[in-house]
Amino acid sequence: MGLFAISDLHLSSTNDKPMDIFGEKWCNHDEKIRQNWINKIQEDDMVLIAGDISWSMKMEDGIKDLEWVHSLPGKKIISKGNHDYWWGSIKKLNALYDDINFVQNNFFVYEDYAICGTRGWNPPSSDKYSEHDKKIYSREQIRLKLSLESAVKAGYKKIIVMIHFPPVNDKFEESEFTRIFKEYNVEKVIYGHLHGYSLKRVYEGIHENVEYIVTSCDYIDFNPIKIL
């Protein structure tokens, strides 16, 4: 039994959204993911998927991409990405499948670890940071704390966080997210969102006792990586 992670599947069963604008490696990327997944993941493994699952705008379309994920081996925990517009009621989402759980103001469990998370948002980096950005940034901090608090109250001391956006800005400065991770003694943080040229913003490794792991599909060659 192992814990794996990947993000930014960017599936498009009902949309024509080619990802090769980020490079030739994205050609037929869904098939690459599927083959790597089947070759590596067993039914008793768990896979964390940190956002941007589907390009679909509505749930009736997004369900086809969720069925694709459902067809793959292992249990899955999914957190929201900035392109997951299909995402609806968390109660309804968590009633869909017995092998897929969705994180939003809650947590799930892998062995003695609590799996927490939220979508996140770009941390402030310049004077161009809008009031809209500030509002979302603040809201995502609240959602992250709600997820973490639920795990702490349940008695969990070992915590892994899924967040879609990078937790630091392009200057790699401390953010409210990194402060929260330290406050709650988070062990590992997985995130994605970055593709192509923006992968120069990768923030990984151990920083102030928190391990940061980048799981963008093109960064990990469309191959789920083992984190435990």
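Structure notes:
- Pairs of Cα atoms nearer than 8 Å and 6+ residues apart set the relative contact order; for the chain it is 24 percent.
- With a cut-off of 15 Å between beta carbons, the residues surrounding G155 carry a summed charge of 0, where Lys and Arg count +1 and Asp and Glu -1.
- Exposure rule at most 11 other beta-carbon atoms within 10 Å, DSSP loop GluC sites (Glu not before Pro): the chain longest free segment: 44-110
- Given K75/K145; K32/K158; K40/K80; K145/K200; K153/K182; K32/K64, the pairs whose alpha carbons are separated by over 22 Å: K75/K145; K32/K158; K40/K80; K145/K200
- Subtracting the Cα-Cα distance of Q35 and E183 from their residue separation scaled by 0.36 nm leaves 49.4 nm.
- Residues I220, I190, sorted so that the one with the fewest Cβ neighbours within 10 Å comes first: I220, I190
- Per residue, the convex hull spanned by the Cα atoms of the chain measures out at 121 cubic angstrom.
- Of all DSSP beta bridges confined to region 3-226, the antiparallel ones make up roughly 25%.
- Loop trypsin sites (Lys or Arg not before Pro), region 24-107 (other Cβ atoms within 10 Å of the site Cβ: 12 or fewer; DSSP): K58
- In loop segments of region 113-153 as defined by DSSP, the chymotrypsin sites (Phe, Trp or Tyr not before Pro) with at most 14 further C-beta atoms inside 10 Å of their C-beta are Y129.
- C27, C116, C217 arranged by Cβ crowding within 10 Å, fewest neighbours leading: C27, C217, C116
- In this structure, the amide hydrogen of Y110, modeled 1.01 Å from its nitrogen in the peptide plane, lies closer than 5 angstrom to those of I115, counting only residues at least 5 positions away or on a different chain.
- When you filter the chymotrypsin sites (Phe, Trp or Tyr not before Pro) in region 4-101 for DSSP loop state and at most 16 other Cβ atoms inside 10 Å of their Cβ, you are left with Y85, Y97.
Since every read-out is calculated from the coordinates, none of them should be taken as a lab result. Nothing here was measured: the structure is a model prediction, and the numbers come from that model. Reconstructed Cβ throughout: ideal geometry from the backbone, glycine too, with neighbour counts over all protein chains shown.
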